[in-house]
Each structure stands twice: as structure tokens, then as C-alpha cells.
Amino acid sequence: MKNLLIYISPNGIEGENERMLKIQIENSLDLGWKLEDIILITNFSYEYGGVKSRVVPDELYCDFWKQQSKINSILYLFDKGLIEDELYWFHDLDAFQTVPITISIDKDIVFTDYGYPHARIWNTGSFFFNKSAEKTLRMITERVYKDKTDEELALRDLINEGFTDYGKINISYNFPGSKGGEKYFELIYNNADKPVKVIHFHPERRGGRFFRLFCGENSLGIKLMPDRLINIFNKHGYGSSD
């Protein structure tokens, strides 16, 4: 399996985003990922922890919905013949792996939902795909640019119109750290396969509130972030007292 990280921006990377990227790389290596299986895609030169980015054109940035840039980048890799006959895990910079992942998928691409009532339904912040997923990603992209919408709503609309070439995986692979994730924490936790595999949150948002959520400050008092990962966050200036 390949661990795919993508960050496309007209302004490079700094601040929280760069700290999260460094945490992602350190966390992946700590969990046993091989350097050659960590694929970092950027539109600028970047290297950290032995992981060197593959630089792609600035034109892949979607100026009306920046999150579409990640799908543009994946399609660029398809165009260049760089997608291998492997399983790929794409995840946003703020979606952090907690434990080793072993997964097999029954469709060419699989997503989670949000785990609670949400307008977009499908969450593209952490998904798995293989070499046969190109058609699906192109369909999503065509709808995004045609309707000037976002990729999650495009996927929802395609599904509502009868598209079936996708699968759903458990919220354990994309546990949300957000206002909704906090409000519905018990519901999401009860529906999640254990252990929770991926926690998805911005560590600096709302004064570190969602960082603390995963450190145990939640309605169940359950710590979903292992000490191993907490120590990596602490190294980069985050802590439960933020």
C-alpha cells in the first residue's frame, strides 16, 4: 500500500500546514511505512525526514475549490503513468493515522461518510483507491468543474443519479474532529471499528479544542490519540494544555 499526501498551494507551505506535514511524515515512519511507500505531491520543492516531494505543475490548483486540487493531482499521476498496481491511501494533512492499517477494498475506490448528519454526506479527506479508480475520479472532476461545486457534493450528486462504482468503509478510517464530531462523538465512536485507525482534525483550530478531544476531553472520556502520536505533536509545539 502507498501512503499518499498531497498539498497544492499558490503560496507554498508554512504555519500549521507545515507542522502537520512534518507530523505526518514522522508519524508514518514511526508506524513502519517505508520511505519509498510515502508519496508526497506538492507544487514546490520540499523535503523532510527523508521524504522528498514529487513536484507537479501549479495549474493543478483549483482556484474556486482548493480541495479539488488533490483529485487533480491524482489524475495527473494517472496521466503520467505513475499510479502503480497497488492500493493507495490518500489522506489530508490533518487526517492522522493512529495504528497500523491493513485493509482490502471491494470496489476500486472507497470512502467514509461524515459519521454524523452532514450536507456533503461523503468525506474525501481519507479514502482508498486502486489503479482502476481513474474513471471515477474523472467523473467527479468533470462534475466539479461543470457545476462549480466541491468534490464531495459532486460525488453525492453522482451517487444520487445512480452511480454505483464506489464503496463505503467504516468511520474508523476517518474519525472527525470538528464541531459535529464533538457533538456526535458517542454516536461516531459506537459505530467505529476499534481501534480507531485515523483521526481527522486541525490541531490549532478553536484553540486546540479538537486536539484535546482526541486526548480524552470528550463525552466518553476516551483517548483516541496514542501516547506515541501525542509525543510527536508535543515535539512540534502542541500539547493538551494548548
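The values are calculated or read from the model by the stated rules, or taken from the named source; none is laboratory data. Note that the coordinates shown come from a computational prediction; the quantities given were computed from them, not determined experimentally. Neighbour counts are summed over all protein chains in view; Cβ atoms, including those assigned to glycine, are modelled from backbone coordinates with ideal geometry. Remember, those area values only see protein heavy atoms, side chains included, never the ligands or the DNA or RNA. Shrake-Rupley method; radii C 1.70, N 1.55, O 1.52, S 1.80 Å.
Can you give the Rg and Dmax of the range 162-212 based on its C-alpha atoms, in angstrom?
Rg and Dmax of the range 162-212, Cα atoms, are 12.9, 42 Å.
Under 4 °C and 1.567 mPa s, how fast does the range 34-143 diffuse according to Stokes-Einstein, given a Kirkwood radius computed over C-alpha pairs? Answer in µm²/s, whole number.
Values: Rh = 15.3 Å.
Diffusion coefficient, whole number: 85 µm²/s.
Give me the percent of Cα-Cα pairs in the range 10-96 that sit more than 22 Å apart, rounded to a whole number. Can you show the working numbers first?
Working: 934 of 3741 pairs.
Taking all Cα-Cα pairs of the range 10-96, the fraction more than 22 Å apart is 25 percent.
I'd like the distance separating the alpha-carbon centroids of the range 13-32 and the range 82-120, in whole Å.
18
Would you kindly work out the equivalent ellipsoid of the range 131-233 from its C-alpha gyration tensor and give its semi-axes, the square roots of five times the eigenvalues, largest first in whole Å?
Its equivalent ellipsoid spans semi-axes of 32, 15, 14 Å.
Using only C-alpha positions, report the orientation-averaged shadow area of the convex hull of the range 83-200, nm², one decimal. Walk me through the numbers before you get to the answer.
Values: hull surface 30.5 nm².
If you wrap the Cα atoms of the range 83-200 in a convex hull and average its projections, you get 7.6 nm².
What order, most packed first, do the peptides 169-177, 44-52 have when packing is the mean number of other Cβ atoms within 10 Å of each residue?
Details: 169-177: 24.4, 44-52: 13.9.
Output ranking for 169-177, 44-52: 169-177, 44-52.
Hey, could you pull the Cα Rg and Dmax for the range 1-52, both in Å?
10.7, 32
Take the Cα pairs of the range 47-87, get the Kirkwood Rh, then feed it into Stokes-Einstein at 10 °C and 1.306 mPa s and tell me D in µm²/s. Before the final figure, lay out the partial values.
Details: Rh = 11.6 Å.
D, rounded to a whole number, is 137 µm²/s.
As a test of the formula, what do you get for the chain when each DSSP H run with n ≥ 4 contributes -39,500 (n - 2.57) and the sum is divided by the residue count, at 222 nm and rounded to the nearest 500 deg cm²/dmol?
-9500 deg cm²/dmol
Probe radius 1.4 Å, ligands and nucleic acids ignored: give me the carbon and sulfur share of the accessible area of the range 95-242 as a rounded percent. Intermediate values should be presented prior to the final figure.
Details: 3120 of 6680 Å².
C and S fraction of accessible area: 47 percent.
Can you pick out the pairs among Lys70/Lys223; Lys179/Lys223; Lys2/Lys183; Lys22/Lys146 whose Cα atoms lie more than 26 Å from each other?
Going by Cα-Cα distance, Lys70/Lys223; Lys2/Lys183; Lys22/Lys146 fall outside the 26 Å limit.
Summarise the long-distance tail of P(r) for the chain by giving the % of C-alpha pairs beyond 27 Å.
Working: 9536 of 29161 pairs.
Pairs farther apart than 27 Å: 33 percent.
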